[in-house]
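Data block below; observations after.
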Ligand SMILES: [Zn+2]
């Protein structure tokens, strides 16, 4: 894949410097909540603030003593902030930014052809754990998309693992991961995911899960639609495609996609059989037409 010829997106938010114990209510509190449960942590915080007030200290000082909030004046990292250890993974960052840029151009064009405007999603790079509009998440959940803030979340160590396992073939597997998450963004813009989630509330679990699978397969098909466009411009090699797709499937059954408890619904690559995923990806890839991606009809 010739990703270096793709346009670089300016919508990458680099939060890797926040690391595990970032600003605001950082990593410490997520770990505590995981460990003790939300109610107990709340009681603990109220107790600590109470003691602090009795001792004449400010609540923030007390929380800082416990390591629950970052140093004074610390704020979330802004767009394009230089990451800690900027050299590691920066080739990956470049690649992700270019693939994202290419999905923006592709979906921008498709939306325009249909008389609509494509709102570009942001892509947040993080390390270890992150706060999203859908709640806190650790890297263990794998890449995910949060509809509440229209952002894709990605820990680049996920790609290191891909590289280790699949070597050069990782390139397209990585692009596929980004394009699949962008596919969820497209579903969000089209209102599909919202409708599905509403419907799922009223269904028994098995049927609700079946709908989740259809959402996943449609995101695969949308990833294929992007692949089609890249292929048309000579940026992909069809021979590599199958191998890369197989690699992406192999990841699915892996511990990389472990679900973590918490508010975020992790994106799972285990949804749908390998054959189904391949079939829907190919459908998008061969047609280049999102209209062919109605997984709900079948
Ligand atoms: Zn997905």
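Coordinate-derived values only; no laboratory data. Please read these numbers as outputs of a predicted model, since none were measured by experiment. Please note: Cβ atoms are built from the backbone with ideal geometry, for glycine as well, and neighbour counts cover all protein chains shown.
Observations on the structure shown:
- Between residue 164 and residue 275, the simple spin-label model (points 7 angstrom out along Cα→Cβ) gives 3.3 nm.
- Label-point separation, residue 114 to residue 202 (7 Å along Cα→Cβ), nm: 2.4 nm
- Across segment 89-216, the relative contact order, built from alpha-carbon pairs under 8 Å that are at least six residues apart, equals 20 percent.
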